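The values are calculated or read from the model by the stated rules, or taken from the named source; none is laboratory data. Remember, it's a predicted structure, so these values are computed and weren't measured experimentally. Cβ placement follows ideal geometry from the backbone for every residue including glycine, while neighbour counts extend to all protein chains displayed.
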Amino acid sequence: MSQNSIFSDVSSIPPSIIDQDDEEFNEELCHVNNLYFGNLVQVNDISVDCEIAGVSDESDNEGHEESDQELEDKENCEFEVCDSDNREFHNVQNFLHNTCGCTRLYGKPCSSMIDRDVLVDYRNGCLEMVKPELDLMVKVQLFHHRNNSIETSSKKHKSKERERSRQKYYFNGVQICRETFAFVHGISRKTVDSIGRSLDQDGFGARIHGNKGKSPKHALTLEDVKKVKQFLLRYANKYGLPIPGRLPNFRNEKTILLPSDKTKAEIHQDYIKLADEMSLRKVCLSEFRTIWLEQCPHVLIMKPATDLCHTCQSFTSTLSASGNLTEEEKEDVLSRYQRHIEHVKIQRDHYRDQCSAAKLTYRQLSPDQKLRGQPPCTVDAEFHYSFDYAQQVHYPHYAQQVGPLFFKTPRKCQCFGVCCEGSGTQIFYLVDEAQHSNKGANTVTSMLHHHFMYHGLGEKDVKLHMDNCSGQNKNNTVIGYGLWRVMTGLHDSVEFSMMEAGHTKFNPDWHFGLWKVKWRHSTVETLDEIAVSVSKSSRNGHNIPQLVDDPAAPVLFYDWATFFKRIFKPIPSLKTYHHFRIDNNHPGTVFVREYATSREVAINILKAGAEVNPNALPTVIHPKGLDALRQWYLFQEVAPYCLNKESCPMPTEPKPVVKIDSPMLARKCSKCKMTGHNKLNCTK
């Protein structure tokens with residue numbers, strides 16, 4: 001048994017295996033023949049019935065009726081059919097109903113000579129192919145019945161030079177027209193002709209689009225791109241700000257930053273207006289962005305930001321309005337800007353070096369030495385801590401907050417963090433507004449003192465980084481506390497360092513950020529629940545809460561400022577320095593530096609005759625609590641929206657009466673703006 005080409009003779013069952021008495025066996029043979037050899041039909045024997053298999057025209061008609069019924073059943077199936085399937089179904093139905101319309105080959109449409117099921121299955125297979133596969137298959141089909149010889153050959157006509165290729169189309173052994181051939185393969189007649197031309201020119205290689213490698217008619221010319229580039233460069237020179245040093249998110253020193261008040265779309269509109277005025281080629285927004293990225297990648301738009309450096313913004317404003325400045329003045333501004341950025345880099349590198357050294361030292365400690373709360377000066381090592389305030393939060397706080405609560409002022413909670421860079425952990429001091437509402441030097445020094453008592457690692461030498469804020473950290477009280485610790489033997493040396501003002505983002509802000517991410521999705525009604533949110537904000541326990549009224553480690557607030565005034569003198573020109581070093585070899589002396597690379601200057605701030613008693617502590621500042629007016633506000637305005645009234649209980653004091661007879665509220669004369677009379681009896 002051999003299979004012939006699908007374009008040649010019909011495959012037949014050898015007579016030797018046919019059983020004339022067993023019709024069922026003959027039907028099975030016919031089924032196998034149709035299954036493996038595609039029920040091939042020879043063109044010359046179209047009208048011959050398949051008597052061997054016992055298949056008649058009636059059985060064919062029955063098969064078509066069954067296929068119609070199957071299509072109806074599929075249409076009524078309980079599954080969702082996509083739009084493309086519906087369109088394909090209607091296309092096939094319309095083609096079979098309307099036919100191809102040709103009558104040249106058989107006196108009737110050649111599409112009626114094809115088995116319906118075979119056509120549908122074959123077309124579906126073609127539609128599933130990718131374009132290169134389908135092109136190759138169509139080329140193979142065309143190649144078998146394509147005559148593209150140099151000269152024509154005919155018995156009735158003389159041979160002449162061939163003008164075009166002669167093509168016959170076959171499907172399943174049946175000659176068909178081009179319309180049917182195109183529909184069977186799921187392509188158009190133009191595509192069939194295009195594949196045929198590609199077969200003659202390129203052979204069986206992939207088809208290449210005629211416009212490949214060619215620029216479209218509407219493509220931008222080099223001159224058009226040059227005009228857009230010139231616009232961007234001039235715009236950058238007019239409004240941009242060169243970076244005198246590396247800034248966060250902009251590592252390239254040649255970068256020019258544009259103000260963030262305009263987007264690329266708005267700058268594109270400026271270009272369109274200029275193009276109208278100067279009769280330039282207009283470009284769309286997407287092409288404008290592409291040219292910007294390719295031709296001017298160093299021109300960037302700044303990102304909106306807060307807590308910016310005042311010095312940087314001053315230089316920025318000066319440079320943005322530099323049109324009236326001379327070249328010498330511009331160079332002077334840029335040089336001062338450059339020095340400022342260099343100082344920022346020096347201070348940042350100094351901070352990073354200290355953090356790296358602290359991490360290396362911490363890894364060398366034993367597990368027992370890594371426990372917090374070690375006695376002072378028990379570990380011969382140097383550690384680094386950073387401390388700062390976070391933005392206060394309000395509670396009760398709800399992830400799904402009711403609208404009216406947005407306009408109220410719930411209970412306040414201050415958050416102060418002390419970060420140990422060596423261990424990567426941070427202590428969060430959570431202070432309720434009733435416990436202490438001040439962010440001054442006494443509060444900072446008291447929490448720093450508590451941290452060394454209950455959370456310190458017992459180091460002999462400590463280095464501290466803090467925010468460059470004179471009201472909280474950079475003051476004589478905090479520096480005096482470091483000198484007091486050295487003189488009382490709690491540390492061998494203490495060094496306070498600050499980064500350049502406006503460039504003070506450091507590790508505590510990273511821990512605060514982790515907590516704020518958790519805080520946005522938390523529902524909190526009490527101070528204890530705030531502490532829980534701090535603990536859950538870090539999976540590995542990097543954020544550790546500390547409540548003021550913790551019975552195991554209560555936080556006491558002392559009057560350190562008054563305590564140190566009788567011992568130490570103020571440091572002259574305190575705000576000009578960024579480094580303060582104290583050691584036990586020079587009691588009462590503070591070594592100050594303007595920057596990390598500057599020369600140290602020794603300043604003795606110990607008052608004459610003053611003695612430091614290691615057992616004496618300042619006076620404790622007892623919290624005043626909430627006044628009656630604040631308590632009644634929380635109870636009446638906030639408590640109705642709370643599930644737990646613990647944070648806003650009913651006050652025990654009577655509600656104070658608010659007087660409204662203030663002179664500021666009295667009516668004034670519309671003529672002289674004085675009180676006590678009106679314009680009718682005004683004497684002026």
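Here are the numbers for this structure:
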{"read-out": "Residues (of a type in the set (Ser, Thr, Tyr) and buried (at least 20 other Cβ atoms within 10 Å of the Cβ)) located in region 445-474", "value": "THR445, SER446"}
{"read-out": "Those strands (runs of 3 or more DSSP E) lying entirely in region 529-618 with at least 2 residues closer than 27 Å to LEU514 by Cα and in contact (Cβ under 8 Å) with a residue 40 or more places away in the chain", "value": "543-547"}
{"read-out": "Residue check for LYS673: more than 53 Å from the chain's Cα centre (by Cα), in contact (Cβ under 8 Å) with a residue 40 or more places away in the chain and surrounded by fewer than 16 Cβ atoms within 10 Å (Cβ to Cβ)", "value": "no"}
{"read-out": "Single condition GLY417 does not satisfy, out of (1) within 30 Å of LYS370 (Cα to Cα); (2) modelled with pLDDT under 90", "value": "(2)"}
{"read-out": "Criterion (among the acidic types (Asp, Glu) and without any contact (Cβ under 8 Å) to a residue 40 or more places away in the chain) met by exactly one of ASP224, ASP202", "value": "ASP202"}
{"read-out": "Residue match in region 528-539 (condition: touching a Lys or Arg at 6+ places or on another chain (Cβ under 8 Å) and within 21 Å of LYS474 (Cα to Cα))", "value": "no"}
{"read-out": "Residue, farthest from ARG411 (Cα to Cα), within region 648-670, restricted to residues that are at pLDDT 90 or above and touching a Leu at 6+ places or on another chain (Cβ under 9 Å)", "value": "PRO651"}
{"read-out": "Meets criteria (within 21 Å of ARG581 (Cβ to Cβ) and out of contact with any strand residue (DSSP E or B) (no Cβ under 6 Å at 6 or more places or on another chain)) for VAL462", "value": "no"}
{"read-out": "Members of region 508-528 that are surrounded by 21 or more Cβ atoms within 10 Å (Cβ to Cβ) and under 19 Å from CYS420 (Cα atoms)", "value": "PRO508, HIS511, PHE512, TRP515"}
{"read-out": "Checklist (1) surrounded by 13 or more Cβ atoms within 10 Å (Cβ to Cβ); (2) hydroxyl-bearing (Ser, Thr, Tyr); (3) within 21 Å of ASP432 (Cβ to Cβ) applied to SER598, failing item", "value": "(3)"}
{"read-out": "Wholly enclosed strands (runs of 3 or more DSSP E) of region 412-521 bearing at least 1 residues farther than 23 Å from LEU547 by Cβ and in contact (Cβ under 8 Å) with a residue 12 or more places away in the chain", "value": "459-466, 493-498"}
{"read-out": "So LEU626, is it exposed (fewer than 10 other Cβ atoms within 10 Å of the Cβ), part of a loop (DSSP other than H, G, I, E, B), touching a residue at least 60 places away in the same chain (Cβ under 8 Å) and at negative phi", "value": "no"}
{"read-out": "In region 631-647, residue nearest to the chain's Cα centre (by Cα) [restricted to those that are surrounded by fewer than 16 Cβ atoms within 10 Å (Cβ to Cβ) and assigned to a helix (DSSP H, G or I)]", "value": "PRO640"}
{"read-out": "Complete set of residues in region 464-523 that are under 29 Å from HIS310 (Cβ atoms) and touching a Pro at 6+ places or on another chain (Cβ under 6 Å)", "value": "ASN476"}
{"read-out": "Residues located in region 394-411, provided they are within 17 Å of ARG630 (Cα to Cα) and touching a residue at least 12 places away in the same chain (Cβ under 8 Å)", "value": "HIS394, TYR395, PRO396, LEU405, LYS408, THR409, PRO410, ARG411"}
{"read-out": "Of all residues making up region 475-494, the number that are in contact with a Lys or Arg (Cβ under 7 Å, 6 or more places away or on another chain) and crowded, with 21+ Cβ neighbours inside 10 Å", "value": "2"}
{"read-out": "So HIS157, is it out of contact with any Ser or Thr (no Cβ under 6 Å at 6 or more places or on another chain) and in the same structural domain as SER111 (by TED's automatic domain parsing)", "value": "no"}
{"read-out": "Residue in region 219-235 that is part of a helix (DSSP H, G or I) and modelled with pLDDT under 85 present", "value": "no"}
{"read-out": "Residue within region 159-166 that is in contact with a helix residue (DSSP H, G or I) (Cβ under 7 Å, 6 or more places away or on another chain), modelled with pLDDT of 85 or more and of a type outside the set (A, V, I, L, M) present", "value": "no"}
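Rundown of residues vs (1) out of contact with any Ser or Thr (no Cβ under 8 Å at 6 or more places or on another chain); (2) assigned to a loop (DSSP other than H, G, I, E, B); (3) under 26 Å from SER198 (Cβ atoms), yes/no style:
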position	(1), (2), (3)
ASP85	yes, no, no
ASN91	yes, no, yes
HIS97	yes, no, no
ARG104	yes, yes, no
ARG123	yes, no, yes
LEU136	yes, no, yes
LYS139	no, no, yes
ARG164	yes, yes, yes
